[in-house]
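Enquirer: Let me begin by handing over the structure; questions about it come next.
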Amino acid sequence: MRNLGTRFNGSNILNVRGGDQAELERACRILCLAMEVSPELGLTPSEERVFDGLTEWYQRIDTGRPYKTSTPAYAYVNLNTGINLLFLIQVPYEGCMGGLIEPFGNLYFVKLVPDSFD
C-alpha cells in the first residue's frame, strides 16, 4: 500500500465501513461519476464488470474484523482518461489520506495514521 501516492491522492481515495446498503449506493454513484456513465441509460459489459467488482468486494467486508480482510482496497483505474478511484476499508493504512462518505454524499478528508495490525 505504500506506493499508492504515485497514482492516488486524498481526493480520490474513499474510506468505507461496509455492511451498509446506503453507503454502497453512494460509492456506486461516485463510481458512476468517475466513469462518466449513467446506469439508467445502460452500461457496457466492461462497465458492468467494474460495478460488479465493487459490489462483490464491498459485500465481502467483515465489519466486525476489518483488519482481517485479504483485500483491503478496490480500485478503478481508467488508463485512457487517467481517472483513478480507490475505495479503502476504513482502517488505518500506512499514512494514506482518505475521504469518508457521509450519509448525504458529502466527503470529508482525514489523515490515516499507521496502526498495529493483528
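Since every read-out is calculated from the coordinates, none of them should be taken as a lab result. All of these numbers come straight from a predicted model, not from anything done at the bench. Virtual Cβ from ideal backbone geometry, glycine too; neighbours counted across all protein chains shown.
Enquirer: Could you compute the FRET efficiency for residue 79 and residue 48, with r as their C-beta to C-beta distance and R0 at 25 Å, rounded to 0.05? Walk me through the intermediate numbers first.
Expert: Numbers: r = 19 Å, r/R0 = 0.74.
Rounded to the nearest 0.05, the efficiency is 0.85.
Enquirer: I've got another one for you. If the chain between residue 11 and residue 60 were fully stretched, how many nm would it gain, using 0.36 nm times the residue separation less the Cα-Cα distance? Walk me through the intermediate numbers first.
Expert: On the way: separation 49, 0.36 × 49 = 17.64 nm, distance 2.46 nm.
Difference between extended and current length: 15.2 nm.
Enquirer: In what order do 52, 20 fall by count of nearby beta-carbon atoms within 10 Å, going from fewest to most? Before the final figure, lay out each step's value.
Expert: Details: 52 11, 20 16.
Going from least to most buried by this count: 52, 20.
Enquirer: Let me ask something else about it. According to a simple spin-label model (label point 7 Å from Cα along Cα-to-Cβ), what is the distance in nm between residue 38 and residue 67?
Expert: 4.6
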